[in-house]
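The values are calculated or read from the model by the stated rules, or taken from the named source; none is laboratory data. What you see is a predicted model, and the numbers here were worked out from it, not measured in a lab. Glycine also receives a Cβ, built like all others from the backbone with ideal geometry; neighbour counts cover every protein chain displayed.
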Amino acid sequence: FPVTIEATGYEVGYWIEDSTECYHEDFVVFGYFSKAGIVIQSKETTGYSGDPDYNQFFGGSCSGNIGCALIGSEIDDAFDSGLSGTQFNGFEFFAKDHHSRDNTIDDWGKACLYIDGYTAATSSDINGHYVMGGGVRSYCKTPVLLDCSTNVIFSSVVFETPKRGTTNSPVNGTA
């Protein structure tokens, strides 16, 4: 049994780039990844208008500095790179803190779920993501971080967030 938990050498555990309608069942990405456990990215790289739409996750979990990141293109690629319709059913999102809440270090991760719809592309459509059932569990300050995203729906999701006064938690329970 290791005395300390060492971070993985990989920055991302599982990366989907421009793949549409992938189906994942009982899918677990566990680790202390420095960037994210799962990344779904809309990125133009081959002349194909990338749209990693309608990826589905049924059961399972992810963890990392960001548990799961849905992100758009970072370049002006002159294509219509979208990302919409991602579905998580009974899925658990963790930041990298979930198994080390000893309050001795302030290294609990950035977020469990991060959606960034801002892109420099000429046109982008990044919206309509669904989280149904499952949980968002972390002591990090911002368990869910939505940046330039629309139509994100949470239904029957359990949120476990830091209690007031916990290191790295919002002051007086406010963000």
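In summary, Ile38 fulfils each of the numbered conditions (1) among the aliphatic types (A, V, I, L, M); (2) at pLDDT below 80; (3) not in a loop (DSSP other than H, G, I, E, B) with the single exception of condition (2). Selection of segment 135-161 for residues being in a loop (DSSP other than H, G, I, E, B), under 11 Å from Gly67 (Cβ atoms) and either among the aromatic types (Phe, Trp, Tyr) or modelled with pLDDT of 85 or more (or both) yields Ser138, Pro143. For segment 86-124, a residue qualifies if it is outside any strand (DSSP E or B), at pLDDT below 75 and surrounded by fewer than 18 Cβ atoms within 10 Å (Cβ to Cβ), and the qualifying residues are His99, Ser100, Arg101, Asp102, Asn103, Thr104, Ile105, Asp106, Asp107, Tyr118, Ala120, Thr122.
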